[in-house]
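Data block below; observations after.
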Amino acid sequence: MPDILGFGNAIVDLTVKRSAVTLPLPELDANRGGFFRATAEEFALLTQDISQYRVNAGGSVCNSLKALSVLGAETAFIGTIGHDDLGAEFAKSLQEYHVTNYLKFAEGQKSACTIIFVDDDGEKTICGKMRAAKNLVLTDGDFELIAASKMIFAEGYLLDHVPAEVQKIVNFAAQNGVKVALTLSDPKIVAENRDILLGLLSKTDILLGNQDEFAALESCSVPLQVKTLGAKGVAIINNGEELFFPAQKVTDIVNTNGAGDAFAGGFLFAVLNNRSLDKAVFQGQTCAVNVLRQEGCAVNKNLEKIL
C-alpha cells in the first residue's frame, strides 16, 4: 500500500522556448509566470506552430510523486488518460519512476497536454487542454486505496473540472484518519474556487503554494502552511508559529518548470518520515534545485545518490 496517494491531472508537457514561437500571443505575455486558457482551435494552432520541443510526462502532483519515489517513498497516482501515444508516454514515465499506476481511461478522448513556454530567464508560462484528465470518477477501489494510505496529495487544478470528486477524496481521507495535503496550484484556480477551498481546508493537514496563491486565498487555518517565496526562501506557519527559511543559492538555473512540484515532493517525504521542519525544507529545496539545474521537469532518477 502506498505511503502517499496522489490525485492529479495526467498531463504530457511539451516545453518550448518562448523565442521560438511565431504566433502573436498577447495572452501569453499578459499571464507570464502563470497559465492561460485557449480554445481547442487555438491550442491546435499552437501545437502546429511550435517545433524543437521537449516531451515530459508529468503534471503537478505527478512531478511531486516522482521526487517522493526517488527519495524512497511508496507512491501511487490516480488520474485519467486517453488511449493514445500521449497516454502511453505518461504511463511509461510513471513506470520509470516506480510510481504505481492506477490510471483510468476516458474512451474516445485524447490525453491531456500542456505547452510550457520558457523565457530566456527561465520563467515559464503554461497553456493546456485537459481533455481526458477532466474525467476523474472515483470507484470503490479508489476509496480503499485512500484508506490504506498514510497521506493523500491532491492538486488545486482538479477544482477546475472535478470539484465534487476532490471533496469526496478529502472528506473520506479525513474521516479515515489519513493525512490530507493539498497544493494550491495557481492564483486563478484559488480565486475562482475560494469557497470550495475554504471548505476543504478545514479537513486539510498540509497546504502548499507560492505567495501569490496564498494571497488569492486571503485567509487560512490549516495547521501546516508552506509558502514558497522563490529566491527569497520559504515561509511556514506551523500551528500558528511563523518560521522563515532562506533559499539555497543557485547560479546555474536552466529551467523553472517543475521546481515547485519537486520542492513539495521533498518536503512531504520528510514529513512522512517525521523529520523536523528545517530538514523538510532542506529536502524540498534540494529537490527543487536539482530540477532548476536540468532541462526536465522532474528530479533526476539518481537524486538519492546525489544527496
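Before moving on, here are some points about what is shown:
- Checking every residue in the stretch 227-234 against the condition of being out of contact with any Asp or Glu (no Cβ under 6 Å at 6 or more places or on another chain), open to solvent by 40 Å² or more (accessible area, probe 1.4 Å) and closer than 21 Å to K150 by Cβ gives zero matches.
- Failed item in (1) in a loop (DSSP other than H, G, I, E, B); (2) without any contact (Cβ under 8 Å) to a residue 40 or more places away in the chain, with A216 passing the rest: (1)
- Entry remark, the stretch 245-275: residues being of a type in the set (D, E, K, R), within 28 Å of S149 (Cα to Cα) and either part of a loop (DSSP other than H, G, I, E, B) or open to solvent by less than 10 Å² (accessible area, probe 1.4 Å) (or both) number 1 in total.
Every residue, every condition in (1) open to solvent by 40 Å² or more (accessible area, probe 1.4 Å); (2) touching a residue at least 12 places away in the same chain (Cβ under 8 Å); (3) within 23 Å of the chain's Cα centre (by Cα), yes or no:
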residue	(1), (2), (3)
L5	no, yes, yes
N9	no, yes, yes
V12	no, yes, yes
R18	yes, yes, yes
T22	yes, yes, no
A30	yes, no, yes
A38	no, yes, yes
E42	yes, no, no
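- When each of S64, S60 is tested for being among the hydroxyl-bearing types (S, T, Y), open to solvent by less than 10 Å² (accessible area, probe 1.4 Å) and closer than 24 Å to N290 by Cβ, the lone residue that passes is S64.
- Among the residues listed as V162, V166, the single one being at pLDDT 95 or above, under 14 Å from G8 (Cβ atoms) and open to solvent by less than 10 Å² (accessible area, probe 1.4 Å): V166
- Checking the stretch 173-185 against the condition returns a match, with at least one residue being buried (at least 23 other Cβ atoms within 10 Å of the Cβ), touching a residue at least 12 places away in the same chain (Cβ under 8 Å) and in a loop (DSSP other than H, G, I, E, B).
The values are calculated or read from the model by the stated rules, or taken from the named source; none is laboratory data. Note that this is a predicted model, so its numbers are computed, not measured. Neighbour counts are summed over all protein chains in view; Cβ atoms, including those assigned to glycine, are modelled from backbone coordinates with ideal geometry. SASA here: full protein model, heavy atoms, side chains in, ligands and nucleic acids out. Shrake-Rupley method; radii C 1.70, N 1.55, O 1.52, S 1.80 Å.
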